[in-house]
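Report on the structure given below.
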Amino acid sequence: MSETVSTTSAGDEVHQEPGASRGVVSQAAEVVATARRAFDYGVTKPREWRVAQLRALRSLLVDHEDELAAALHADLGKSATEAWVTETGFVVREIDHTLRHLRAWTAPRRVRVPLSLAPGRAKVVREPLGVVLVIAPWNYPVQLCLAPLVGALAAGNAVVIKPSEVAPATSQVLGRLLPEHLDASAVHVVEGAVPETTALLAERFDHIFYTGNGTVGRVVLEAAARHLTPVTLELGGKSPAYVADDADLEVTARRLVWGKFTNAGQTCVAPDYVLASRATLDALKPLLVQAIQEAFGDDPAASADYGRIVDGRHFERLTALVDPARVVTGGRSDASSRYLEPTVVEVADPDDPRELVMGEEIFGPILPLVAVEGLDAAVGVVNRRDKPLALYVFTTSDEVRERFVRDTSSGALGFNIPLAHLAVPGLPFGGVGASGMGAYHGERSVALFSHDKAVLSMPTRPDTTVWVRPPFTSLKEQVIARVAFPGRRRPGGRS
C-alpha cells in the first residue's frame, strides 16, 4: 500500500504518502512475531481457548454497548438502536450461533475409503491456518472488524486487526477494549493509517481478510502474492434492484428506503440503483417520497435515526453526483454536519458516461431510478456491468425469479427484500468477480480460516497394497480392473 488512491467505497483512502517509517515497520514486525509465537506455542488451538475468547468478545460488546454506540455516532451519526442492530448486536448474534455449533464445525469428519484401501481409515481434520490479518473498513467499523474475528478465533488462529482510521472514534475504542478483554498474546490491534497498513502487508500472514474497495483490494492481493498468502476480499460495486410491474409497490418502496438509507447509504450491499418500467417508476416515485417521510420525518436532518457522511471528502464526492434538474426528492445538504438528505434522482441513460451517478458505486444516500423496457432489458443492464455484491428483485412472479436466478450472477440474490441475507447465518456472504472473492458468516467463517487436512491411516497387516504394486500379474490386473480401479475397458494380458 505504498500509495493511496481516491476510492468510493469503504476502503481506507490512499493519498500519495511515503512508505512506512522504520519505527512503524519494526512495530508491525514485533506484533506479527508475537502473534506467531502464541500460535506456534499452541495457545490458540484448544477448543476451550476459542470458547473463552468468543465469550469474552461477547461480554465486551454487551458491557460496552453504550461506549461503542457513542463512537459510532461520532464517526457516522448512527443512532444507538441502529448501532446495535447493524453492528454490535449483529456480532453478538454471530458469536452465539458460532458457540452453539463450534464443536460440530471443528470436529474431525470421517470419510469412507474405497474397497481397495480397506481396512484403512480416513478423516478430515480442520486445523487453524496460523496468523490472520483482518483489515476493516469504516462504514460498519464494529461489525466488519469483529465478525471476521469471530471466525478466525473460532478456527483457532492468532489475529492481527487493523481498524479503519477513517472511523477514528471507533478505532480508538476497539484499540483499547480488545486487548483488555482478549488474550493479548494472540489478538493484537494496530491502529493507524496507510503507513501502518503498508507495514503490516509487508509481513507474512497465513490469511488476509480485507473489506473495502477494489482499488485497495488489488494492492492487498499484490502484497499477499509475495508470500503466497491466501486472501479474502469483501468488496462492493453497484448492487441493482429490479422492480417488476407486478411488485407490491408500497412494501417495495418502504424496503428500498430502508435498504438504501440505512447508515446514510454507506452500505456495501445497499441498493445502488433501481430498474423498472416507466409506468412502474412513475407509480413508485410518490411512494418513495412517502416512505422517506415515514422513516425520517419531514426533516431528516432532525431525525435521530438518520446518519451522516463519514468525512468531508466523501461528502464532496457525493454532492457532486446530485444534478438538481434530475432530483425527484431530497438533494439538500450541509457541509458543516456532513448531512446529505435522502435523495432520489432520475437517470436518462445508464450507459452514458456523463451520468456520473451511474459510473461507480455511489456509497451514499442517492438512489437513481432507471427506466427499462421490460425484463430482458433489465437483465441486460445487470449483465453489462461488473457482477454485483448483491442483486435485489421485487416481484410476485416465479418466472421472473427464475430468470434472475438462471441468467444473472451476483454475490447474493434477494427477492423482495434488501440487506437481509446478511442476517441468515447459514448463507455465505461474499462477492464474485469484481465484487470480491471468498465468503464468510456461520460455518463458512470457520472453514475460511481453517485448512481441511486429509488424514489416512492404514494398518501394515494385512498388507493390501500388494494388489496395486508391481509386479502386475494377470491376477493383479483383474483385481485392479474389477475392484481397485473399475472402469478399465479390459485388463492387461499378462501371465
When you scan segment 349-366, do you find a residue that is of a type in the set (Lys, Arg), farther than 20 Å from SER435 by Cβ and without any contact (Cβ under 8 Å) to a residue 40 or more places away in the chain, even just one?
yes
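Given the criterion assigned by TED's automatic domain parsing to the domain that holds ALA279, surrounded by fewer than 17 Cβ atoms within 10 Å (Cβ to Cβ), modelled with pLDDT under 95 and small (Gly, Ala, Ser), identify the matching residue among GLY380, GLY374. Spell out the reasoning first.
Working: GLY380 fails: modelled with pLDDT under 95.
Just one listed residue meets the conditions, GLY374.
Conditions (1) within 20 Å of the chain's Cα centre (by Cα); (2) among the aliphatic types (A, V, I, L, M); (3) crowded, with 24+ Cβ neighbours inside 10 Å, marked per residue:
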position: LEU72; (1), (2), (3): yes, yes, yes
position: VAL92; (1), (2), (3): yes, yes, no
position: TRP138; (1), (2), (3): yes, no, yes
position: CYS145; (1), (2), (3): yes, no, yes
position: PRO148; (1), (2), (3): yes, no, yes
Single residue of VAL132, VAL190, VAL111 found to be in the same structural domain as GLU67 (by TED's automatic domain parsing), crowded, with 24+ Cβ neighbours inside 10 Å and at pLDDT 95 or above:
VAL132
What's the total number of residues in segment 118-140 that are in contact with a helix residue (DSSP H, G or I) (Cβ under 8 Å, 6 or more places away or on another chain) and β-branched (Val, Ile, Thr)?
4
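Enumerate the strands (runs of 3 or more DSSP E) found wholly within segment 94-213, keeping only those where 1 or more residues are farther than 30 Å from ALA484 by Cα. Give the derivation first.
Numbers: elements: 109-111, 121-128, 131-135, 158-162, 187-189, 207-211.
Qualifying strands (runs of 3 or more DSSP E): 121-128, 131-135, 158-162, 187-189, 207-211.
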Which residue is nearest to the chain's Cα centre (by Cα), if the candidates are limited to segment 303-341 and must be under 23 Å from ALA167 (Cβ atoms), part of a helix (DSSP H, G or I) and aliphatic (A, V, I, L, M)?
LEU318
Could you tell me which residue of segment 410-443 is surrounded by the fewest Cβ atoms within 10 Å (Cβ to Cβ), considering only residues that are aliphatic (A, V, I, L, M) and not in a loop (DSSP other than H, G, I, E, B)?
ALA423
Considering (1) without any contact (Cβ under 8 Å) to a residue 40 or more places away in the chain; (2) part of a helix (DSSP H, G or I); (3) of a type outside the set (A, V, I, L, M), say which one ASP245 fails and leave the rest.
(2)
Under 6 Å by Cβ, and 6 or more places apart or on different chains, what pairs join a residue from segment 266-281 that is more than 18 Å from VAL357 (Cα to Cα) with one that is buried (at least 24 other Cβ atoms within 10 Å of the Cβ)?
THR280/VAL243
Counting only residues that are more than 21 Å from GLU165 (Cα to Cα) and not in a helix (DSSP H, G or I), segment 45-93 contains a total of 2
Take ALA199 and tell me if it is under 20 Å from the mean Cα position of the chain (by Cα), modelled with pLDDT of 95 or more, farther than 24 Å from PRO425 by Cβ and assigned by TED's automatic domain parsing to the domain that holds GLY77.
no
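Name the one entry in VAL455, VAL405 that is in a strand (DSSP E or B), surrounded by fewer than 19 Cβ atoms within 10 Å (Cβ to Cβ) and not acidic (Asp, Glu). Can you show your working first?
Details: VAL405 fails: in a strand (DSSP E or B).
Exactly one of VAL455, VAL405 is in a strand (DSSP E or B), surrounded by fewer than 19 Cβ atoms within 10 Å (Cβ to Cβ) and not acidic (Asp, Glu), namely VAL455.
Those residues that are crowded, with 20+ Cβ neighbours inside 10 Å and in contact with a helix residue (DSSP H, G or I) (Cβ under 8 Å, 6 or more places away or on another chain), I need them from segment 199-218; list them, please.
Taking segment 199-218 first, the residues crowded, with 20+ Cβ neighbours inside 10 Å are 199-201, 203, 205, 207-214, 216-217.
Passing the criteria: ALA199, LEU200, LEU201, GLU203, PHE205, HIS207, ILE208, PHE209, TYR210, THR211, GLY214.
The values are calculated or read from the model by the stated rules, or taken from the named source; none is laboratory data. These numbers were taken from a predicted model, which means no experiment stands behind them. When we count neighbours, we look across all protein chains shown, and the Cβ atoms used for this are built from the backbone with ideal geometry, even at glycine.
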